[in-house]
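Please read the structure below before turning to the comments.
The values are calculated or read from the model by the stated rules, or taken from the named source; none is laboratory data. Predicted, not measured: the structure shown is a model, and the values here were computed from it. Backbone-built Cβ (ideal geometry, glycine too); neighbour counts: all protein chains shown.
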Amino acid sequence: MFALSPRWQRGDPTDVDPYEITKALDIPSVNIYHGMQDSFTGEEIAYMGAFVRSLKPSNYLVTETNAQTTGWSSEWQYPPYDGQLRLAAFANVADGANLVAYWHWHSLHYGQETYWKGVLAHDLEPNRIYGEVTRIAQDLKKAGPDLVNLKKKNKVAILYSLDSINGLSFMPFDKNTNYQTILNQFSRMLYNLNVEADFLYPQSRNFEDYSLVIVPPLYIASDELLDHLSAYVKNGGHILMAFKSGFCNENSTVRWTLAPGPLREPAGFYYQEFSNLAKPLALKGDPFKAGSENQVSVWAEFLIPEKAKPLAYYDHPFFGKYPAVTRNTYGKGTLTYEGTKLSDKLQEKLMREALSLAGISLTDSLLPAPVKVKHAESAAGEPLHFYFNFSGRPQTFVYSYPDGIDLLSDKPIKKAQKITLAPWDLIIVKVR
Amino acid sequence: MFALSPRWQRGDPTDVDPYEITKALDIPSVNIYHGMQDSFTGEEIAYMGAFVRSLKPSNYLVTETNAQTTGWSSEWQYPPYDGQLRLAAFANVADGANLVAYWHWHSLHYGQETYWKGVLAHDLEPNRIYGEVTRIAQDLKKAGPDLVNLKKKNKVAILYSLDSINGLSFMPFDKNTNYQTILNQFSRMLYNLNVEADFLYPQSRNFEDYSLVIVPPLYIASDELLDHLSAYVKNGGHILMAFKSGFCNENSTVRWTLAPGPLREPAGFYYQEFSNLAKPLALKGDPFKAGSENQVSVWAEFLIPEKAKPLAYYDHPFFGKYPAVTRNTYGKGTLTYEGTKLSDKLQEKLMREALSLAGISLTDSLLPAPVKVKHAESAAGEPLHFYFNFSGRPQTFVYSYPDGIDLLSDKPIKKAQKITLAPWDLIIVKVR
Amino acid sequence: MFALSPRWQRGDPTDVDPYEITKALDIPSVNIYHGMQDSFTGEEIAYMGAFVRSLKPSNYLVTETNAQTTGWSSEWQYPPYDGQLRLAAFANVADGANLVAYWHWHSLHYGQETYWKGVLAHDLEPNRIYGEVTRIAQDLKKAGPDLVNLKKKNKVAILYSLDSINGLSFMPFDKNTNYQTILNQFSRMLYNLNVEADFLYPQSRNFEDYSLVIVPPLYIASDELLDHLSAYVKNGGHILMAFKSGFCNENSTVRWTLAPGPLREPAGFYYQEFSNLAKPLALKGDPFKAGSENQVSVWAEFLIPEKAKPLAYYDHPFFGKYPAVTRNTYGKGTLTYEGTKLSDKLQEKLMREALSLAGISLTDSLLPAPVKVKHAESAAGEPLHFYFNFSGRPQTFVYSYPDGIDLLSDKPIKKAQKITLAPWDLIIVKVR
């Protein structure tokens, strides 16, 4: 068994390519550890679930996750608030997990993982967490047959380039920004907007399954991969792409053509120079209405548009002649390019635009911020809609999908019905 | 000769047990280096003096202490203000030192300790410090016969567990808090309240000499030691105890019973869970009137009282069901337990309560803050009261002990007499 | 070929003595890398130019300097603003460079210096920087014959002691202050005042060429060197000297006489003690009118004047009895001594006083802050005055030297004429 570990959330450079390894597996698995208490947002669950689900693609096993507390010392002891463990279990299931197992049954009395506590404490007696796990088991006994082997049908994918992580780790462009932080920003904006995403890998051949492909800094890429992206746009796909993409070939060698190499045609610009930004800059005229967050930083490519349309310029006497963001219509699709690091607010605005161009609904973005929704199809082909309350306060929202039944309470749920979720509670609507 | 070095002030983990070593010594000794100039409070002198005095227990030698300046570079050069060296010498004597020696006679002209300066500077000529040392010698010539081999009769002791330092160093609970910082907080509150303390060690058999025993996080302890503490309370002793006490046995193995193991009965509670605190919390209703310092942090044990009386609860929707501080009456004594890290103000309030329960006078806590008093009995059995002005300004106070004579000036001192000490000056009252 | 590298700007300890090495060279050379964009002040060019020029002394080669960008990662990519490269080239020339070469022709496509970019980018096509270099070449073709082998005639020199760098690196006196930071402060104050300086080395025998010698902490010095400084003052020279000077002999051994050893007579004081300053202090009565910058820090020597005149005292109950700055008239010259670390403003005031005592004109200090002037004499003996605008805004000033012609534009320049320099532009006036 090979389980993806938390290092895949951190973006550490590595020689281990999970896509290649997964080819040899029957069922991929993953260990997902995440924030608890006030840091429990479910973001890590969605991220890692999508990552492992997309490898084959397939359902998967969660072979380890938070029981009581984690850590190799007692500096990171955050037992879940009441209800959080159950919410986490069903978030995993909604992402495609066919198993959720805890590390581990009882807490160790000695050694490095003394404080990586299990379902039982060192006292080996029933406790609060044991009670939560019991409840989860009862819920799964009831709803499980409808949830096992569910299928995801997402329209957005993030292209994940391990080579770019490795290449950029040798030539970093900032102390606090790297491939993973930019990938995380894209992923977090999608999560905030309640839009679910899959991952694509350089070896993937199913780009056309998606209406929108997000491309974090694709620093390392073969001509073949860039040509594939180019054809994807030409055929009607939409891309939202970060700076530094296309810079090096597959040998981490800078291309000896005008940047961004083979992307020049689909992107509609070239550049010869770039600069770190010693301090953040504003975009001239606040074109995305980002107010106090109208701010870019870290990096600026001196883009020279050929066919691309500039969407924003730097507000600066020298950098101001170069666009910060461009969009190019190429064939039937579009390529939106970010030549700089955007604030979260600017990134959210660009993401909304890209989703709209790709024809993806933003209805779920109207839910209250702590309410996350996940969609799937049961093995029997019935639509499933999971609503989670990631907060300690009740949350009320309007259910916007066809009539169904809550698999946990057996209560009917009507389209346009007002629903209130208790703190850290959920419903699972199966459409009939 | 074995001299305790400053590492014992820092709480570094170590295999060297000073209690065991001292058994082989005729007279224990200690090197006490301390802050000078505006950092001179005398706290390190009291702490290290008590530590070495309590080992045998016995009088002791100060084999090294600050002369001009200290340091292995010239980054820590703080020669004493006029009078500070003399105050330090007599603070050592009042704690039980029979010798105060300086490191060293003249400053070295080369090597690592070039700037660990002696009584003489590199110029080898008489100087300001030489003048101070000359005055100290004259004072000691006069008062020494009454001061040598003095005896301390303290009613408070701090239990010092080297095993707990070592065990917690492998499993720390916070970057900025550890065994030593909590011990230091207890010790500092006592120093601020002008209450002198001794130390006890796990091997000590004289717990019953004390009315109050302070227990910093006793993470590692044998059943035997915990039973000893239990019997101490049952027989009328009072304990003020920090969190994590009783958690592991003497092999650093977590006990496989309900925490806090053998302390469950004297403490009057048990617990199964604990949490770091991601941010400080208030105690509900500010029960100790600590105002802006009504704040706990770092750690919270989920205490479930059986017989203990809760003294304070967390002000928090989840943690709020567990008491933060408890007190249990057990036999003829009490055990007050802190399940969390307290602010200084809260710790001071708890310390005052514990001292009162133990019947220890707080009269000396009414002295002006920079005035410290130390009590002893001369070898001839006469009471000695030392008053020190640890400040650069004159301090006035009322002498509250029986009539006596100042050993340095030969002036009579009457009970209830108003006394003014010059900056960094002292009196030594021998009661006749 | 041996080229001084940027380590000489950082003050790293080293065994390599550039003075000794230069004896074996025909022409010394230097690699000067400097801040660009908003960090481009020209200070590093002046500093390193003076350093290498003074070794023999002689003209020199700049064998490497910024082309597009520098760095062993992409964290330090700051291509010059338009005009900055040309300004840098002529600043080097004005300091005495007979060659300015770039590292390097085209950018590397692989390896450690991938982002240490050349004149051409990775695309190997003409670009903005290539355009700048072309313009510089044309300017040099025109003006070069008047500029090659120019001579500098400065009246101020800074004594550079590599032994003191090495000695103080073993016994530092502060985390943020060292030999180089104090040297840099002196050098920066001169640059700000538009006064050009050379360097002297312990082996130099031409001290008498200068009216003012600046002495950063001369921690390590032979009796011979100190006697030489003493004789320099006696014969009418002026010295501005930092603390710690004279403390050790040439073997890094503290002198066993009253400090500052052989400097006692020319300095007019002795001292036996010193202290770090735990926090900054004011000078009593703000004697140099430094307002909010009336502040000293880090170090205080307890100076006891014999013949020296105290210029300022510490505002402190203990340190207040010792002067912070003294001046002694010795023979026909003066020695001004700083027993503490001064704020920039205080250092500037002391520097102005020292320059005035030495009879050096401060006329050029009246230029607008970003305008720097450099003076030289052509190989044919004609005066040359270079004016540089180190800013992105036009700067206007009055030309104060005799009538001449601008070598770049061939326009006549009259004494007292008002001149406006475009952003990052310059003129080179040859007096006819």
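Take residues that are polar (S, T, N, Q) and under 29 Å from C:E75 (Cα atoms) and tell me which of the helices (runs of 4 or more DSSP H) falling wholly in the stretch A:110-198 contain 2 or more. It would help to see each step written out before you state the result.
Numbers: elements: A:128-147, A:162-170, A:179-192.
Here the list reads A:162-170, A:179-192.
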Show the residue pairs that are 6+ apart or on different chains and have beta-carbon atoms under 6 Å apart, the first residue being within the stretch B:105-131 and at negative phi, the second being part of a helix (DSSP H, G or I). B:V119/B:I129; B:V119/B:Y130; B:V119/B:V133
Just one of C:L355, C:L367, C:L408 is at negative phi and buried (at least 21 other Cβ atoms within 10 Å of the Cβ); which is it? C:L355
Sort out which residues of the stretch A:144-169 are surrounded by fewer than 19 Cβ atoms within 10 Å (Cβ to Cβ) and touching a residue at least 40 places away in the same chain (Cβ under 8 Å), and write them in order of number. A:D146, A:V148, A:N149, A:K151, A:K153, A:K155, A:N166, A:S169
The stretch B:201-218, residues that are closer than 18 Å to B:T336 by Cα and of a type outside the set (S, T, N, Q): B:F207, B:E208, B:Y210, B:L212, B:V213, B:I214, B:V215, B:P216, B:P217, B:L218
When the residues of the stretch B:65-76 are narrowed to those that are within 7 Å of chain C (Cβ to nearest Cβ) and free of Cβ contacts under 8 Å to residues at least 40 places away in the same chain, which ends up farthest from B:N31 (Cα to Cα)? B:E75
Say we look at the stretch A:235-245 and pick out the residues that are assigned to a loop (DSSP other than H, G, I, E, B) and within 24 Å of the chain's Cα centre (by Cα); which of these is surrounded by the fewest Cβ atoms within 10 Å (Cβ to Cβ)? A:G236
A:A324 - would you say it is within 21 Å of A:A50 (Cα to Cα), small (G, A, S) and touching a strand residue (DSSP E or B) at 6+ places or on another chain (Cβ under 6 Å)? no
Would you mind finding the one in C:G339, C:G381 that is in the same structural domain as C:E306 (by TED's automatic domain parsing) and either out of contact with any strand residue (DSSP E or B) (no Cβ under 7 Å at 6 or more places or on another chain) or closer than 30 Å to C:A231 by Cα (or both)? C:G339
Looking only at strands (runs of 3 or more DSSP E) that fall completely inside the stretch A:246-338, which ones have 1 or more residues that are more than 14 Å from every other protein chain (Cβ to nearest Cβ) and small (G, A, S)? A:309-313, A:323-330, A:333-338
Reported set for the stretch B:115-156 where residues are of a type in the set (D, E) and within 16 Å of C:E273 (Cβ to Cβ) is B:D123, B:E125, B:E132
Only one of (1) farther than 22 Å from C:Q272 by Cα; (2) modelled with pLDDT under 95 does not apply to B:G71, and that is (1)
Hey, can you tell me all the residues within the stretch C:109-143 that are surrounded by fewer than 15 Cβ atoms within 10 Å (Cβ to Cβ) and within 12 Å of chain A (Cβ to nearest Cβ)? C:Y110, C:G111, C:Q112, C:E125, C:P126, C:G131
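Quick one: would you say C:D174 is within 14 Å of chain B (Cβ to nearest Cβ), of a type outside the set (K, R) and more than 19 Å from the chain's Cα centre (by Cα)?
yes
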Starting from residues that are farther than 25 Å from B:D123 by Cα and among the hydrophobic types (A, V, I, L, M, F, W, C), keep the ones in the stretch C:279-305 and report whichever is surrounded by the fewest Cβ atoms within 10 Å (Cβ to Cβ). C:A282
(1) in a helix (DSSP H, G or I); (2) touching a strand residue (DSSP E or B) at 6+ places or on another chain (Cβ under 9 Å); (3) within 14 Å of chain A (Cβ to nearest Cβ): which one isn't true of B:Y232, the others all being true? (3)
Counting just the residues of the stretch B:420-432 that are surrounded by 17 or more Cβ atoms within 10 Å (Cβ to Cβ) and either farther than 25 Å from B:P80 by Cα or within 14 Å of another protein chain (Cβ to nearest Cβ) (or both), which one comes out nearest to the chain's Cα centre (by Cα)? B:W424
With the requirement that a residue be away from chain B (no Cβ under 14 Å), assigned to a loop (DSSP other than H, G, I, E, B) and crowded, with 24+ Cβ neighbours inside 10 Å, what does the stretch C:217-229 give you? C:L218, C:A221
Among the residues of the stretch A:340-348, is any in contact with an Asp or Glu (Cβ under 9 Å, 6 or more places away or on another chain), surrounded by 24 or more Cβ atoms within 10 Å (Cβ to Cβ) and within 14 Å of another protein chain (Cβ to nearest Cβ)? yes
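To keep it simple, each residue is scored yes or no on (1) of a type in the set (A, V, I, L, M); (2) in contact with a Lys or Arg (Cβ under 9 Å, 6 or more places away or on another chain).
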{"position": "A:N166", "(1), (2)": "no, no"}
{"position": "A:I182", "(1), (2)": "yes, yes"}
{"position": "A:S187", "(1), (2)": "no, no"}
{"position": "A:L190", "(1), (2)": "yes, no"}
{"position": "A:V195", "(1), (2)": "yes, yes"}
Among the strands (runs of 3 or more DSSP E) lying completely within the stretch A:1-104, list those that include at least 3 residues that are crowded, with 18+ Cβ neighbours inside 10 Å and not polar (S, T, N, Q). A:60-65
